[in-house]
Amino acid sequence: MEFKYLNTFRTIVNEGSFTKAAEKLNYTQSTITFQIGQLEQELSASLFEKIGRNMVLTKAGEHLVPYVNEVLQSVEKLRCFEDNLAECQGDLRVGVGETLLCYKLPAALKEFHRRAPKARLFLRSMNCYDIRDELFSGTLDLGVFYDDIGGFGSNLTTLPLGDYPVILVASPEIRNQFPDFITPDKVIPIPLIINEPSCVFRQIFERYLCKKSIILDHTIELWSIPTIKNLVKNNVGITFLPKFSVQEELDSGELVEIATEITDAKISAVCGHHKNKWISPLMQLFMDITSEIDG
């Protein structure tokens, strides 16, 4: 039995379709179909069936998933012993929340590359909910994200990295115009500049606005934290971010904090992995280094 057939099977399951698996593996559609056909022939069982326009797992396919994961994890273990038993090498797939990637991880990443120069780190800036879901599916080896999103159940093992305050900030000029975000039942004619709706700190602040019946003019939704800060510095609106991500601007006076009544406004960062994931030396090294992040 070819390991690549098992890997193709797992990729189809993780990606949700033959087409996406072909793109992920850089295979043609016919190659994917051939490999699954060969695997089905060896197992004497149909693994997928067409329902409507979609290919879905058969019962035999569902039963095969944990066995394939176990086999491929064992292969990953063996690869770690190639060439040098004591050396960290191979591939590591890590998803990171943008604020953590921009402002907390650079020193840790530099140290990781120094101590594991032969490792290939595939790093992705991601939404925390997507990180959680891809840890569930096995697409990611590790995630560095905010555990405030919840929904882990017993599926993830997490290492706490720190608790970080979240604050409302604006330019000095905007704060002088609109200093009161405490009095309820107000309309404040400025926009909130923030990440997508599933952003953890956006959700905290929008719950606060709803509770206070404070209405802002509109929301400007952006992915880039540096872009958000640049617009706020230029009097376009306000934002609600982890304090560490705006500390430099607070120190320089380009941004200032606006008082709110948000209690316990902190978010908790973690490094997590699936509970059944085998901890390779490379994963362990990354976790050890990130655990030294200054909270």
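Below is a table of values for the structure above.
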| item | result |
| --- | --- |
| Matching residues, segment 45-64, being under 28 Å from the mean Cα position of the chain (by Cα) and loosely packed, with under 15 Cβ neighbours inside 10 Å | Asn54, Val56, Glu62 |
| Those residues of segment 191-209 which are without any contact (Cβ under 8 Å) to a residue 60 or more places away in the chain and assigned to a helix (DSSP H, G or I), in sequence order | Arg202, Gln203, Phe205, Glu206, Arg207, Tyr208, Leu209 |
| Residues of segment 171-198 satisfying the condition of being polar (S, T, N, Q), under 23 Å from the mean Cα position of the chain (by Cα) and crowded, with 18+ Cβ neighbours inside 10 Å | Asn195 |
| When residues of segment 171-190 are limited to those that are assigned to a loop (DSSP other than H, G, I, E, B) and among the acidic types (Asp, Glu), the one farthest from Lys212 (Cα to Cα) | Asp180 |
| Residue within segment 151-170 that is surrounded by fewer than 17 Cβ atoms within 10 Å (Cβ to Cβ), assigned to a helix (DSSP H, G or I) and either of a type in the set (Phe, Trp, Tyr) or in contact (Cβ under 8 Å) with a residue 12 or more places away in the chain (or both) present | no |
| Enumerated helices (runs of 4 or more DSSP H) restricted to segment 215-295, each holding at least 3 residues that are in the same structural domain as Val187 (by TED's automatic domain parsing) and modelled with pLDDT of 95 or more | 225-233, 243-252 |
| Segment 266-291, residues that are over 22 Å from Ser245 (Cα atoms) and among the basic types (Lys, Arg) | Lys275, Lys277 |
| Condition check for Thr139: closer than 29 Å to Gln73 by Cα, assigned to a loop (DSSP other than H, G, I, E, B) and touching a residue at least 40 places away in the same chain (Cβ under 8 Å) | yes |
| Residue satisfying condition, being buried (at least 19 other Cβ atoms within 10 Å of the Cβ) and either in the same structural domain as Gly253 (by TED's automatic domain parsing) or of a type outside the set (A, V, I, L, M) (or both), within set Tyr146, Tyr129 | Tyr146 |
| Condition broken by Ile215, with the remaining ones in (1) in contact (Cβ under 8 Å) with a residue 40 or more places away in the chain; (2) within 27 Å of Val236 (Cβ to Cβ) satisfied | (1) |
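Quick grid of which residues meet (1) of a type outside the set (Phe, Trp, Tyr); (2) under 28 Å from Ser280 (Cβ atoms); (3) at pLDDT 85 or above:
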residue	(1), (2), (3)
Phe3	no, yes, no
Leu6	yes, yes, yes
Tyr27	no, yes, yes
Ser46	yes, no, yes
Lys50	yes, no, no
Leu101	yes, yes, yes
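Quick grid of which residues meet (1) free of Cβ contacts under 8 Å to residues at least 24 places away in the same chain; (2) under 21 Å from Pro179 (Cβ atoms):
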position: Asn230; (1), (2): yes, no
position: Ser245; (1), (2): no, no
position: Glu248; (1), (2): yes, no
position: Glu254; (1), (2): no, yes
position: Ile258; (1), (2): no, yes
position: Ile267; (1), (2): no, no
position: His274; (1), (2): no, no
position: Gln284; (1), (2): yes, no
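The values are calculated or read from the model by the stated rules, or taken from the named source; none is laboratory data. This is a predicted model, so every value here is computed, not measured. For neighbour counting, all protein chains shown are included, and Cβ atoms are generated from backbone atoms with ideal geometry for every residue, glycine included.
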